[in-house]
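The values are calculated or read from the model by the stated rules, or taken from the named source; none is laboratory data. Just so we're clear, the structure is a prediction, and the values are computed from it rather than from any experiment. Don't worry about glycine lacking a Cβ; one is built from the backbone with ideal geometry, like all the others, and counts go over all protein chains shown.
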Amino acid sequence: MSKPVLNETDMKNPRLGPSGPKKAASHISISKYIAYTFLIVLCIIWAIPVIFGITTSFRSQAEVVSSGFRLLPVNWIFDNYVTILQNTSTAPILRWLMNSVFIATLHTLLVIVVISLTGYGYSRMKFKGRDALFFTLLGISFFPGVVNLIPSYKIIDALGWVNTSWAMIIPGLAGMGNIFLVRQFMMGVPKDLDESARVDGAGDFKIYYSIILPLMKPVLIVCGLFSFTGSWNDFLWPVIVYTDVEKMPVTAGLLLLQDIYGNYRMIGQLMGSAILAIIPTLLLFLFAQKYFVQSINLNAGIKG
């Protein structure tokens, strides 16, 4: 087979001429190197404090005070974790972790139920003032959450939920950010599926449960991740509604640890407690990261 012959005009084209592809490839390579270098620098800036915090939890108090900044400890010890786990009276860290797992898991499951039903209503069901109600609530959600602290506490107190898990589980179930994501996702689901199901005699709940809900898996997973981490990392609200040490989640417990270990300057115990607190969310993202990436595209899994 003969090679294609380039005329004079083609030879002047930098993309078609002899040096064109090399220049283009060189330009792409330089851009990649710059991007990778930038990302590596950001990764190092983010990773060094985390690594230092982890290694500090394996240092003795004497080394923490005397060695200054050293990324790795001279002598690795596990006494800090032993002290943390043995303290089951004033700082029951394992109890706090179990409380947080229960609260965050149940909260996430209820969020998925509420937002999937609400998103179906706002995207599929027709009623007067539907869009006006949705965008009004969406606008109200932009107000800072601290504005609702006193009214929310009054409601929780009236219901008798202070110092109970319900004070953490129920508030925030109908978050407009999650409902917005679900609604936008469902707007991309072809309505022909609904019409075909109605021809076969299916009602709204049957359509929701059998057709729409399986298609919503990607967006529900990402909303579940946001809800779980948000509930796990919530700090201000549990500090307000909990006074019983045994019932606290881990975030409120970490504040209490500052008074227990901080007064004695036990930095290793404080860092060890913080490391234990982040392990569940870290494992969650490690196992669910592929679903999280897929769910960035709100129309993932929907084929028209």
*Quick check: is even one residue across region 125-139 crowded, with 16+ Cβ neighbours inside 10 Å, in the same structural domain as residue 183 (by TED's automatic domain parsing) and within 18 Å of residue 178 (Cα to Cα)?*
yes
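Restricting attention to helices (runs of 4 or more DSSP H) lying wholly within region 143-199, give those where 1 or more residues are modelled with pLDDT under 90.
Numbers: elements: 149-159, 166-169, 176-187, 192-199.
Output list reads 149-159, 176-187, 192-199.
Looking at this structure, is residue 91 over 20 Å from residue 174 (Cβ atoms), in the same structural domain as residue 175 (by TED's automatic domain parsing) and surrounded by 16 or more Cβ atoms within 10 Å (Cβ to Cβ)? Full working, then the answer.
On the way: over 20 Å from residue 174 (Cβ atoms): yes; in the same structural domain as residue 175 (by TED's automatic domain parsing): yes; surrounded by 16 or more Cβ atoms within 10 Å (Cβ to Cβ): yes.
When the stated conditions are applied, residue 91 passes them.
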*Kindly list, by first and then second residue, each pair from a residue in region 100-112 that is assigned by TED's automatic domain parsing to the domain that holds residue 241 and over 25 Å from residue 214 (Cα atoms) to a residue that is in a helix (DSSP H, G or I) and modelled with pLDDT under 95, limited to pairs with Cβ atoms under 7 Å and residues at least 6 apart or on different chains.*
100/232; 100/250; 101/280; 103/168; 103/169; 103/231
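Please determine, by comparing only the residues of region 246-284 that are hydroxyl-bearing (Ser, Thr, Tyr) and either in contact with a Phe, Trp or Tyr (Cβ under 6 Å, 6 or more places away or on another chain) or at pLDDT 90 or above (or both), which one is farthest from residue 233 (Cα to Cα).
First pass over region 246-284, keeping only residues hydroxyl-bearing (Ser, Thr, Tyr): 251, 261, 264, 273, 281.
From what's left, either in contact with a Phe, Trp or Tyr (Cβ under 6 Å, 6 or more places away or on another chain) or at pLDDT 90 or above (or both): 251, 281.
Working: 251: 7, 281: 9 Å.
Among those that are hydroxyl-bearing (Ser, Thr, Tyr) and either in contact with a Phe, Trp or Tyr (Cβ under 6 Å, 6 or more places away or on another chain) or at pLDDT 90 or above (or both), it is 281.
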*Which of the following residues is part of a helix (DSSP H, G or I) and either β-branched (Val, Ile, Thr) or touching a Cys at 6+ places or on another chain (Cβ under 9 Å) (or both): 103, 77?*
103
